[in-house]
Structure formats: structure tokens, C-alpha cells
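Below: the structure, in C-alpha cells.
The values are calculated or read from the model by the stated rules, or taken from the named source; none is laboratory data. Being a predicted model, the structure only gives us computed values, none of them experimental. Methodologically, a virtual Cβ is constructed for each residue, glycine included, from the backbone with ideal geometry; neighbour enumeration extends over all protein chains shown.
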Amino acid sequence: MLNSPQHQPNQNHLLAALPATELERLKPHLELIHMPLGDVLCESGGRLHYVYFPTSAIVSLHYILENGASSEIAGVGNEGMLGVSLFMGGETTLSRATVQTAGYAYRLKAALMLQEFNHAGPIQRLLLRYTQALIMQISQTAVCNRHHTIEQQLCRWLLLTLDRLSSQELTMTQELIASMLGVRREGITEAAGRLQNAGIIRYRRGHIMVLDRAGLETHVCECYSVVKKEFERMFCDVRKY
């Protein structure tokens with residue numbers, strides 16, 4: 001299954017950015033797994049036994065408050081990896097990692113990933129550069145949630161999700177989106193209604209079809225382009241190594 005045309009490690013952009021010799025060395029240790037919607041990969045304060053490189057799945061990182069409330073601080077799709085705390089000196093994660101969009105990923109044992117990182121070669125440089133881009137995404141999300149409208153936040157979230165998918169249709173309820181953004185469901189209903197009335201999306205229970213991506217881009221705040229450009233710059237820098 002690892003070498004089937006439907007599933008290849010280089011469908012994850014981070015793995016694809018590795019030099020061919022490095023990727024070939026990792027391939028025997030990469031395990032293809034299916035990630036069901038809602039699967040919790042790690043709880044806040046937990047230890048990761050694997051790192052994950054999504055190909056078609058999307059993982060949502062949530063910060064959990066003492067009262068149980070939460071909001072998404074970042075997403076990880078085919079552009080990245082779940083498990084940066086492993087090589088950044090922390091033994092536990094600070095967020096809950098939940099599968100937002102069902103799909104596939106490759107996982108690698110944490111001990112092996114740490115061993116590869118400590119070789120101080122191309123893998124280390126790539127992962128540190130990715131960590132910088134991920135930190136920037138988290139920071140930009142915090143700014144966006146504080147200063148921009150719910151409609152702008154929704155557009156940002158939809159565009160970042162679309163960038164990680166091969167489809168224009170998302171399987172996601174308004175309740176889950178509200179939880180992701182840390183806002184009331186009524187706010188998402190109103191924002192989605194305005195976008196639907198403008199012909200930008202079509203919404204039916206549990207499914208959102210994006211009809212006009214350019215329309216989303218005109219309604220979104222600058223946070224989307226800041227995050228997108230940082231990841232593009234990351235991969236451009238990697239190719240210079």
C-alpha cells in the first residue's frame with residue numbers, strides 16, 4: 001500500500017521537500033494509516049509516540065481552557081507535520097490534536113524521528129524551518145481571532161482548508177466550525193448565510209461547497225495571505241539548501 005499510486009509519501013509536501021536520499025532512507029519506516037473524522041491523536045499534556053505527515057487528512061490543534069472551552073490555534077495538512085514538540089525540547093504537547101478532515105497520513109515512530117533530527121542534516125533544517133512557519137500560523141490566528149470579523153475568520157479558515165484538499169466540498173458542521181474558531185454558532189450561521197446569499201458558498205447540513213473561491217479571497221482578511229506566503233517562502237528556502 002505504501003507504494004500504490006493512490007498513496008505516496010511525497011503527497012506530503014514536507015516529505016517531498018526532503019532530498020531523495022533522505023526520503024528513501026525514511027520510506028521503510030513510514031506507515032500509512034487512515035485517520036477517521038474526530039479521532040484524537042493526542043491530548044493536551046500527552047506524549048506523542050509517533051509523528052504524523054498528513055497526505056489527505058487535516059489535523060486541528062486546539063488549546064483547551066480550564067472550563068473546557070477551546071479554539072483552534074493551527075491546522076496541519078499535507079503541507080506539514082504533527083509533532084514538532086518532540087524535537088523542540090518538550091516531552092509533552094500543549095494542544096489537543098484532532099482529525100478535522102478524514103483521510104490518510106504517514107506516521108513515523110517518535111524515537112526514529114528524534115534520531116533523524118539529531119543528525120543535524122537536511123531533515124533538521126527542514127523541520128526547524130517548518131516549525132517557524134507553524135509558529136507564525138499560530139500567531140496570525142491569535143491576531144485574526146482578536147481583530148477581525150467572524151466572516152473574515154470563516155473565509156480564512158475555509159481557504160486554508162481548501163488549500164489542503166483536492167475538492168471544493170468540505171464535510172463540516174457549523175457547530176464544529178464555531179468550535180474551531182472559538183465563537184458562537186449563531187455567528188457562524190450569520191456569516192455563512194451572507195456568503196451563501198452572495199453566491200460564494202452553498203451550505204447544506206454538514207457540507208459546504210465553495211462555488212466562488214475568488215469571492216472568498218475578496219472577503220478574507222490579510223491573515224490568509226500572510227500564512228500562505230510564509231509556507232510558500234518556507235518551501236522556496238528549503239530548495240536552496
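Going by what's in this entry, would ARG125 be described as at pLDDT 90 or above, within 23 Å of VAL84 (Cβ to Cβ), basic (Lys, Arg) and buried (at least 19 other Cβ atoms within 10 Å of the Cβ)? Answer is no for this residue.
Where strands (runs of 3 or more DSSP E) fall entirely within segment 1-105, those with at least 1 residues that are of a type in the set (S, T, N, Q) are at 58-64, 70-76, 96-101. Within segment 74-103, restricting attention to residues that are of a type in the set (Val, Ile, Thr) and at pLDDT below 90, the residue that is nearest to THR141 (Cα to Cα) is THR93. Cβ-Cβ contacts under 6 Å between residues 6 or more apart (or on different chains), taken from a first residue in segment 162-179 that is over 20 Å from ASN12 (Cα atoms) to a second residue that is hydroxyl-bearing (Ser, Thr, Tyr), are listed as GLN174/THR189. Scan segment 106-128 for residues that are part of a loop (DSSP other than H, G, I, E, B) and not aliphatic (A, V, I, L, M) and report the count. Looking only at that region, the number is 3.
Quick one: would you say LEU23 is surrounded by 14 or more Cβ atoms within 10 Å (Cβ to Cβ), free of Cβ contacts under 8 Å to residues at least 40 places away in the same chain and over 26 Å from ARG146 (Cα atoms)? Outline the logic, then answer.
Working: surrounded by 14 or more Cβ atoms within 10 Å (Cβ to Cβ): yes; free of Cβ contacts under 8 Å to residues at least 40 places away in the same chain: yes; over 26 Å from ARG146 (Cα atoms): yes.
Yes: the conditions hold for LEU23.
Yes or no: segment 135-146 includes at least one residue that is assigned to a helix (DSSP H, G or I), farther than 18 Å from TYR52 by Cα and free of Cβ contacts under 8 Å to residues at least 40 places away in the same chain. Scanning segment 135-146 turns up at least one residue that is assigned to a helix (DSSP H, G or I), farther than 18 Å from TYR52 by Cα and free of Cβ contacts under 8 Å to residues at least 40 places away in the same chain. LEU134 passes every criterion in (1) surrounded by 13 or more Cβ atoms within 10 Å (Cβ to Cβ); (2) over 30 Å from MET172 (Cα atoms); (3) not polar (S, T, N, Q) apart from (2).
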